[in-house]
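Report on the following structure.
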Amino acid sequence: MKNIFMILFIFFSFTFSIYAQLKTLANPKNFEIGPCIAMDPLRNETQYRNTIIAEFNTAVAENAFKMYMWTGPNSYNFNDTDYLVNFCRQNGIKLRGHTLVWHSVVPSWLQNGNYTTDQVRQMLQTYITTVVTRYKNDIYEWDVVNEAISDSSPHGLRTDSFWYQKLGPDFIRLAFQWAHQADPDCKLYYNDYGAEDMGGKSNGVYNLVSQLKQEGVPIHGVGWQCHFYYDWRLNQTFYENLERIKALGLDVKVTELDMSIPLPVEPQELQVQARGYADMAYFCLSNKIGMVLWGFTDKHSWIPGFTNGERGAALIFDENYNKKPAYYAIESVLKATVNGAIYNCDFENGVYCWFTNGTCSISTTTAQRR
Ligand code: XIL
């Protein structure tokens, strides 16, 4: 009898140690790591579900929490959102909300409905209040406004958006206030892409969020989407941007990380990509920033569709759920603490991290940076 327990114990410990990787390393460090989740494979693919459960402590919906759920002036379809919330609750996964107001997903009944400004304002308030209130106990932070800053200089607000055209610049402030009223404990983010390092667009985002802060709008963080190319590397300007945002009293979170490779992929490019993932894991871990990926398996990634098949392989598991060098790079950074210090990966003062057989090994002999 005793032996059976022993065998079972060994079996489960072994299984656990194989399958519970990133989460097991991240939890003791209070490090948030997780993917966006797509509903179709969540409902239909066991391996998709099981990998999420085993590997991650945080998640966000790829599309479910966008305005697709708003089916009419007073009607909602909460099937997907309820399903996802239950999945996360049952598996101890923290859920981010993405996103309340985005120019890219506006219901067609609303756009074509000839509503007045007052009606649109009223309806948006009801939408935000309804959704935030419903998921109050399950969503710990929301991307309240997504991608409101223009890509072109001088990087003011995007004026061709439905929200801007109907409500003017006020829609941003109002959305944050309504979300805050519905759930005063929820952390509220402004989220955007191409504004992670110093530059024109990040100046635009910085100006927007500092103005919101000055006006006393309840905003708590800036989301950096981080849709990068595979050869992305960390540099000093990410620190500069982080510091100025922190100086406003705001947090930063990596919200949609992926690093896409031109197709077809060369094996060497997977190594280069892994170094980028190591850099990002290092940056996030050492600055206590959560790291949310835009998916986890190349089988379900928005990149090939978005780039007409030109790029792909942007995530940390391949299409067959095998761990890629990028996965091992993150794992190595999570393991690489020596005397409580985290070692740097090839950033500034020398190469502290090298790659063999697709694995990132961290030198314990070089000097620590921070
Ligand atoms: C993307 C999804 O991944 C796609 O499935 C969908 O067709 C379009 O939106 N920035 C964002 C995300 O904030 O919501 C986008 O997600 C990717 C870019």
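The values are calculated or read from the model by the stated rules, or taken from the named source; none is laboratory data. All values reported here derive from a predicted model rather than from experimental measurement. Cβ sites come from the backbone with ideal geometry, for glycine too, and all protein chains shown count toward neighbours. These area figures cover heavy atoms from the full protein model, side chains too; ligands, DNA and RNA do not enter into them. Shrake-Rupley method; radii C 1.70, N 1.55, O 1.52, S 1.80 Å.
For this structure, a couple of remarks:
- Hey, Leu157 open to solvent by 40 Å² or more (accessible area, probe 1.4 Å) and among the hydrophobic types (A, V, I, L, M, F, W, C) or not: yes
- Taking the criterion of being free of Cβ contacts under 8 Å to residues at least 60 places away in the same chain, open to solvent by less than 20 Å² (accessible area, probe 1.4 Å) and either within 16 Å of the ligand (Cβ to nearest atom) or part of a helix (DSSP H, G or I) (or both), the residues of region 16-53 that qualify are Ile37, Leu42.
- Residue among Val131, Val145 that alone is under 22 Å from Trp294 (Cβ atoms) and within 15 Å of the ligand (Cβ to nearest atom): Val145
- Picking from residues in region 91-115 that are away from the ligand (no atom under 16 Å from the Cβ), open to solvent by 50 Å² or more (accessible area, probe 1.4 Å) and part of a loop (DSSP other than H, G, I, E, B), the one that is nearest to Leu167 (Cα to Cα) is Tyr115.
- Checked against (1) at pLDDT 95 or above; (2) among the aliphatic types (A, V, I, L, M); (3) within 14 Å of Tyr230 (Cα to Cα), Met280 meets all criteria but (1).
- Residue tally, condition open to solvent by less than 10 Å² (accessible area, probe 1.4 Å), within 21 Å of Leu257 (Cβ to Cβ) and in contact (Cβ under 8 Å) with a residue 60 or more places away in the chain, over region 60-87: 2
- Of Asp82, Asp143, Asp160, Asp151, all but one fail to be among the acidic types (Asp, Glu) and in a strand (DSSP E or B); the exception is Asp143.
- In the set (1) part of a helix (DSSP H, G or I); (2) buried (at least 20 other Cβ atoms within 10 Å of the Cβ); (3) touching a His at 6+ places or on another chain (Cβ under 7 Å), Ala175 fails one condition alone, (3).
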